[in-house]
Amino acid sequence: MKEDQNARVEWVHCNQCLRNTRHEVVAERSLEEQEDVGPDWATTYTMLECRGCGGVTLRRRVVSRAVDVDDSTYYPPPISRQIPRWQYELPNELRDLLKETYIALHAGSHRLAIMGTRSLVDLFMNSVLGDIGGFQQKLGKLVENGSLSKRNRDVLETALEAGHAVLHRGHKPKTDDVNVVFDIVENLLQTMVLKKKSEDLKKTTPGRKSSK
């Protein structure tokens, strides 16, 4: 995009770039409220465009000098990670649950997000194996049929244990820990997508010519 050298620029979090970037103020409107009793309020709406990716954010800033209030809200709210694009290649139930889990993550509800990842693992295993028992039995079956390596089972059990801690021990995970759990669970879900893609690729790849 062509930069306007005279435009007002602010550093704001960009949900596409996933970091603070330079944003150009595209438009701004302010409303002032004069109350008969109590403090005066001013609300300013600012539309900001990222100079990197072009993403647009709306900021609502409420200010009252009388009661020392200066509060800003962003739409959409800032996020720490984006839902993967391959979500659309998942079965509907898994995709819907993944989206709901990300809604909890973006709202800062880390414990709800971890519970969602635990449910995603359970739903994934049921879709592959059927409802054949508890987590340990299902994990053993995934290893047995080659869907999961022993090493990846240990990694997945770590993510599941985080979910157990949230559910049964009141654990409140840190942001970095939540992202690790999401990485592990999404790696599992993506195997379903890659399996279908590899099957499609196999069908369209010419076979080797036999040598005489």
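Count, please, the residues in the range 62-101 that happen to be basic (Lys, Arg) and over 21 Å from Leu18 (Cα atoms). If you could, list the steps in order and put the result at the bottom.
Looking only at the range 62-101, we keep the residues that are basic (Lys, Arg), and these are 65, 81, 85, 95, 99.
Applying the additional criterion that residues be over 21 Å from Leu18 (Cα atoms) yields 65, 95.
Number of matching residues: 2.
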Item to check | Members of the range 59-98 found to be hydrophobic (A, V, I, L, M, F, W, C) and closer than 26 Å to Asn179 by Cα, listed by number | outcome: Ile79, Ile83, Trp86, Leu90, Leu94, Leu97, Leu98
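Could you identify the single residue in Lys150, Lys141 that is over 20 Å from Thr101 (Cβ atoms) and either crowded, with 16+ Cβ neighbours inside 10 Å or not assigned by TED's automatic domain parsing to the domain that holds Leu105 (or both)? Explain how you work it out, then say what you get.
Details: Lys150 fails: either crowded, with 16+ Cβ neighbours inside 10 Å or not assigned by TED's automatic domain parsing to the domain that holds Leu105 (or both).
On inspection, the qualifying residue turns out to be Lys141.
For the range 5-65, which strands (runs of 3 or more DSSP E) that fit wholly inside it have 3 or more residues that are more than 19 Å from Ile79 (Cα to Cα) and of a type outside the set (Phe, Trp, Tyr)?
Values: elements: 9-14, 19-33, 41-50, 56-64.
Hits in the range 5-65: 19-33, 41-50, 56-64.
Quick test for you: out of Thr101, Thr175, pick the one residue that is at pLDDT below 90 and under 17 Å from Gln82 (Cα atoms).
Thr175
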Checklist entry - Among the residues of the range 110-124, which ones are within 12 Å of the chain's Cα centre (by Cα) and farther than 14 Å from Ile184 by Cα? => result His110
Checklist entry - Looking at (1) surrounded by 12 or more Cβ atoms within 10 Å (Cβ to Cβ); (2) over 30 Å from the mean Cα position of the chain (by Cα), which is the only condition Ser72 fails? => result (2)
Item to check | Options Leu201, Leu167, Leu194, Leu156; residue that is surrounded by 15 or more Cβ atoms within 10 Å (Cβ to Cβ) and aliphatic (A, V, I, L, M) | outcome: Leu156
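The values are calculated or read from the model by the stated rules, or taken from the named source; none is laboratory data. These numbers were taken from a predicted model, which means no experiment stands behind them. Glycine also receives a Cβ, built like all others from the backbone with ideal geometry; neighbour counts cover every protein chain displayed.
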